[in-house]
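First the structure, in the form of structure tokens, and then the observations on it.
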Amino acid sequence: MSGLRLTFWGAAGQVTGSMHLLEAAGARILLDGGLFQGHRAQSHRLNVQLPFDARRVDAVVLSHSHIDHSGRLPLLVKEGFHGPIYATPASRDLSAVMLADAAHIQEKDHEYLERKGRVGPESEPLYSLRDAVAVQDLMVGVPYHRVFHVRKHLALDFLDAGHIIGSATVDLRVSEGGNHRLVYSGDIGRSGLPIVRDPEPPTGPIDTLIVESTYADRQHESFGQAETRMAEAVRRVASRGGRLLIPAFAVGRAQELIYSLHRLSRTGQIPQIPIYLDSPLAVDITTVFRMHPEVFDRTERFIGTTNELFDFPLLRYVRDVSESKALNSHTGPAVIIAASGMVESGRILHHLAHGIGDHRNLVLFVGFQAEHTLGRRIESGQERVRILGHEYERRAEVQSITGYSAHADRDELRSWVRRLGGPIRRAFVVHGEPPALEAMAGILREEGVRDVRVPSHGESFDL
Ligand SMILES: [Zn+2]
């Protein structure tokens, strides 16, 4: 079919920066507009310069609101994009909170570096709060399973990706000069995760598949096993009068942990010790969760309403910094959940500075710790660690639980591909580090897809 072209401008050969440009039905459609994350100078170089004219993009389709999929949308708007951004209603509302937070972090980082006299081109914020708010005005909520005509020969259907609330797999049908079906997986979640529904792969023949591969080379423990280990950790810490310190990302992970701890406390599997969710962003996001009961997995609800899910006597939400610091003078056992998930910033830092030297405490990791992060150094058992400019001897116990991951693992990705049914004419593998990309390509070939590509950054294909 003529005139159909796909170019990979992010998450090609790596995990972050998801952004793919589709030229179809006479339009230029961007699939996601994510931020590159990780090494500061390198990411900044990739983020700051959009590889195309933003004014010539006709529309954006957003798979979900994680920053590595949405964090460059304010930049796109700043550079003149003014078309519609299609997202599920829950993604639209979650983005309002998350993009404002992303703009705020960039402004704060810039102020900090300015005070330290370390300003350079890469410390400039990519965009302001005003740009983040402008994104919201362009958002168009499209519910799951409602076929929407983006334009005359281009229909869009969102299916549940089961990854975080509002996350979607994008099913696009182009009907100009023939029919072409393109499926973009977004990030694929797991079956049996609480709160979100199970992933729902689109079925039938597919011409072009773009699929993620984050954990294609790994296997997770089940959610049930994760809960058992969480209960053991809480009991152990409580019995020795210590604190359980859990670094967690504000969206998804924090709410799953609350769900899990709520269930464990209701069933008497953990002692009655206070649980603090110490993150203003996580508190705001929990509010968005309350606003969207339609996305919840009903079969896994163990109590009447969504409101009660995030509300139980042991749980305290901490918004103020002063209240957060006061937690350090609190005596007796407690659970503290705070951002950031990889211990690069946020309030978890002062909790760790205060608590890592105490053998009664336990630092519990529930998410992926990337190379070169403080989280990775603690997780790998380093004896002395530097936190907020001071060196500490680590006496606290350290443990990791993989079962709270929101990403499908190797077997779950294979089962997702099988459930597509096929045939799949051509597949592109994105969103993974090199071993994961290769593993996913292998899975696709074993499942009968003949034409499998791992695109590199900036590579274009006529479909
Ligand atoms: Zn994601």
Just to check I understand the Karplus step: with θ = phi - 60° and J = 6.51 cos²θ - 1.76 cosθ + 1.60, what whole-Hz values come out for the stretch 387-393, glycine and proline as x?
10, 6, x, 10, 8, 10, 8
Sorted by chain and number, the residues with a modelled amide H under 5 Å from that of R395, at a separation of 5 or more or across chains, are G357, D358
Would you mind telling me the antiparallel percentage of the DSSP bridges in the stretch 6-152, rounded to 5?
50
Length gained when the stretch Q272-R418 is fully extended (0.36 nm per residue, less Cα-Cα span):
48.2 nm
Place the peptides 353-361, 308-316 in order of packing, highest mean first, counting for every residue the other Cβ atoms within 10 Å and averaging per peptide.
353-361, 308-316
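With Cβ to Cβ distances under 13 Å as the rule, what net charge do the other residues near P74 carry (K, R +1; D, E -1)?
Neighbour charge sum, excluding P74 itself: -2.
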Roughly how many nanometres apart are two label points built 7 Å out from the Cα toward the Cβ at L314 and D411?
2.9
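Count the net charge of all other residues whose Cβ sits under 11 Å from the Cβ of F158, scoring Lys and Arg as +1 and Asp and Glu as -1.
-3
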What is the antiparallel percent of DSSP beta bridges lying wholly in the chain, to the nearest 5?
45
Using θ = phi - 60° and the Karplus form 6.51 cos²θ - 1.76 cosθ + 1.60, what ³J(HN,Hα) does each residue of the stretch 62-71 get, whole Hz, x for Gly and Pro?
9, 6, 6, 9, 4, 4, 6, 10, 10, x
Which distance in nm do the two modelled labels at R118 and D137 give, with both placed 7 Å along the Cα-to-Cβ direction?
3.6
Can you compute the charge dipole magnitude of the chain about its Cα centre, using +1 on each Lys and Arg Cβ and -1 on each Asp and Glu Cβ, nothing else charged? Give it in debye, rounded to the nearest 20.
440
Counting only protein heavy atoms with a 1.4 Å probe and every protein chain in place, the carbon and sulfur fraction of the accessible surface of the chain in whole percent equals 49
Amide H to amide H under 5 Å from I387: which residues, 5+ apart in sequence or cross-chain, H placed 1.01 Å off N in plane?
Y392
Taking H as built 1.01 Å from N, whose amide H comes closer than 5 Å to the amide H of T169, not counting residues under 5 places away?
L159, D160, A161
Radius 10 Å from Cβ of H354, net charge of other residues (Lys, Arg +1; Asp, Glu -1):
+1
Which order do the peptides 131-142, 390-401 come out in when sorted by mean C-beta neighbours inside 10 angstrom, highest first?
131-142, 390-401
For the chain: rounded, prolate or oblate by the Cα gyration tensor [a/c cutoff 1.5]
prolate
What list of ³J(HN,Hα) couplings, whole Hz, do you get for the stretch 288-296 from phi and the Karplus terms 6.51, -1.76, 1.60, once you set θ to phi - 60° and write x for glycine and proline?
4, 4, 4, 6, 10, x, 5, 8, 6
Protection-proxy order for peptides 209-218, 422-431, each taking the mean of Cβ atoms within 10 Å per residue, highest first:
209-218, 422-431
Residue-normalised value, i.e. accessible area per residue, for the chain at 1.4 Å probe, in Å², stands at 40
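The values are calculated or read from the model by the stated rules, or taken from the named source; none is laboratory data. All of these numbers come straight from a predicted model, not from anything done at the bench. We place every Cβ from the backbone using ideal geometry, glycine too, and count neighbours over all the protein chains shown. Note: areas computed on protein heavy atoms with side chains; ligands, DNA, RNA excluded. Shrake-Rupley method; radii C 1.70, N 1.55, O 1.52, S 1.80 Å.
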